[in-house]
1. Scan segment 154-163 and tell me whether some residue there is assigned to a loop (DSSP other than H, G, I, E, B), surrounded by 21 or more Cβ atoms within 10 Å (Cβ to Cβ) and touching a residue at least 12 places away in the same chain (Cβ under 8 Å).
2. Out of all the residues in segment 258-271, which are among the aliphatic types (A, V, I, L, M) and either within 16 Å of ligand 2 (Cβ to nearest atom) or open to solvent by 30 Å² or more (accessible area, probe 1.4 Å) (or both)?
3. In segment 170-211, how many residues are within 18 Å of Asn231 (Cβ to Cβ), assigned to a loop (DSSP other than H, G, I, E, B) and touching an Asp or Glu at 6+ places or on another chain (Cβ under 9 Å)?
4. Ala195 versus (1) in contact (Cβ under 8 Å) with a residue 60 or more places away in the chain; (2) away from ligand 1 (no atom under 14 Å from the Cβ); (3) within 18 Å of Leu285 (Cβ to Cβ): which is the lone unmet condition?
5. Which of the helices (runs of 4 or more DSSP H) found entirely inside segment 20-124 contain at least 2 residues meeting this: open to solvent by less than 30 Å² (accessible area, probe 1.4 Å)?
6. Check Ala208 against each of (1) in contact with a Lys or Arg (Cβ under 7 Å, 6 or more places away or on another chain); (2) over 30 Å from Tyr320 (Cβ atoms) and name the one condition it does not meet.
7. Scanning segment 272-311 for residues that are in contact (Cβ under 8 Å) with a residue 60 or more places away in the chain and surrounded by fewer than 16 Cβ atoms within 10 Å (Cβ to Cβ), which turns out nearest to ligand 2 (Cβ to nearest atom)?
8. Go through segment 312-336 and count every residue that is part of a loop (DSSP other than H, G, I, E, B), open to solvent by 60 Å² or more (accessible area, probe 1.4 Å) and touching a residue at least 40 places away in the same chain (Cβ under 8 Å).
Amino acid sequence: MKNQIQNDIVVLAIETSCDETSVAVVKNGREVLSNIIASQVEIHQKFGGVVPEVASRKHIENINPIIQKALDEAGISLESIDVIGVTYGPGLVGALLVGISSAKAIAFSRKIPLVGVNHIEGHIFANFIEHKNLEPPFISLIVSGGHTHLVYVKDYGKYQIMGKTRDDAAGEAFDKIARALKLGYPGGPIIDKLAQKGNKNAVEFPRAYLEEGSFDFSFSGLKSAVLNYLNSCNQKGINIIIEDVAASFQQSVIEVLVNKTIKAAIDKGVKTVTLAGGVAANSELRNLMVEQSKREGIDVKFPSKELCTDNAAMIGVTAYYNYIRGEIADLELNSVPNLKIC
Ligand code: KG4
Ligand code: ZN
């Protein structure tokens, strides 16, 4: 028993890459002792999107109380932390620097290892929290406000990017269409809810499959098609049924996401697919992915909705795996706004 306690590795993880200040305590890679998320969404709502300078300032105000809250909720003190993990990219440079500076200060004063984490890798690893038996290899579809990646996860830390967006990210497309429909920010959850009351076959929007065999995505054409449809209805005095537009737009996005993800799994001969990132919270994306995968004998896993959007628990999980592979940073760690996963 004593040995087991000595072997426990407790990570304090910090995530400040965008508009959520989040701190978590994660034990042995998959056990989340606390995961505090302070969202700034109400502040940015009035601007219709994240204002980087405002986000950085809010992170500075939030970070120390949130660190304390995460420790309190986990029932441990800073002295019991073995490793400090922090997101160092991709993300907003000023926002990332707040988390990195705090993490360095703790690592320096406590003389504990500092581990830099890639935010995208964090989203993939969010799946390990609730699916204890999940192990690579699998295909991961990462769909967030800033990213749309189809990744072959060969092993921990070993990736092949099979496809990515050539223009807008999937979440960005949801947010832009919601703005055009004057629905508010962030648009994804609002469109998701409205779409449940709409007809997905009401308006025929394009599906961007691109060239034969391509695993890339593109959402800008779809965005233009929706905007053109709205303009043309306005000009002709046709009544716009927002629920139908939401459902039809959403269907165009998710059909392409689902088909390419399943094709990627078949291509690589893997039997597990995971969803990650804010858009993975979308109810129809989850439903369609499960339904279509079943036919191919592919198992689908996704995190609970809170773990789909930005959170520090996923950063803690990734930091643990980086740490046990010996990937430790020094106090020169800097933010890398366009950090890649391979
Ligand atoms: O992963 P995330 O919290 O932040 C980034 O790293 O970008 O993702 C936020 C994005 C936003 O674009 C938001 O509109 C979208 O995820 N989102 C959704 C849903 N919930 C959040 N999109 C579609 N359906 C949802 N239910
Ligand atoms: Zn994210």
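The values are calculated or read from the model by the stated rules, or taken from the named source; none is laboratory data. Worth saying up front: this structure is predicted, and the values here are computed from it rather than measured. All Cβ positions, even for glycine, are placed from backbone atoms using ideal geometry, and neighbour counts span all protein chains on display. Just the protein is used for accessible areas: all its heavy atoms, side chains included, with ligands, DNA and RNA removed. Shrake-Rupley method; radii C 1.70, N 1.55, O 1.52, S 1.80 Å.
1. Going through segment 154-163, the residues assigned to a loop (DSSP other than H, G, I, E, B) turn out to be 156-157.
Right, trim to surrounded by 21 or more Cβ atoms within 10 Å (Cβ to Cβ) and you get none.
Within segment 154-163 (the criterion being assigned to a loop (DSSP other than H, G, I, E, B), surrounded by 21 or more Cβ atoms within 10 Å (Cβ to Cβ) and touching a residue at least 12 places away in the same chain (Cβ under 8 Å)), the answer is no, since none of the residues qualifies.
2. Listed by number, the list holds a single entry, Ile266.
3. Of segment 170-211, the ones within 18 Å of Asn231 (Cβ to Cβ) are 173, 176-183, 202-206.
If we keep only those that are assigned to a loop (DSSP other than H, G, I, E, B) too, we end up with 181-183, 202-206.
With the extra rule that they be touching an Asp or Glu at 6+ places or on another chain (Cβ under 9 Å), the set shrinks to 202-203.
Residues in segment 170-211 being within 18 Å of Asn231 (Cβ to Cβ), assigned to a loop (DSSP other than H, G, I, E, B) and touching an Asp or Glu at 6+ places or on another chain (Cβ under 9 Å): 2 in total.
4. The one condition Ala195 does not meet is (2).
5. Working: elements: 41-45, 52-74, 93-110.
It comes to 52-74, 93-110.
6. (1)
7. Selected residue: Glu306.
8. The initial filter retains those residues of segment 312-336 that are part of a loop (DSSP other than H, G, I, E, B), namely 312, 325-328, 330-336.
Subset that is open to solvent by 60 Å² or more (accessible area, probe 1.4 Å): 325, 327-328, 330-332, 334.
From the residues that got through so far, the ones that are touching a residue at least 40 places away in the same chain (Cβ under 8 Å) too are 325, 327-328, 330-331, 334.
Number of matching residues: 6.
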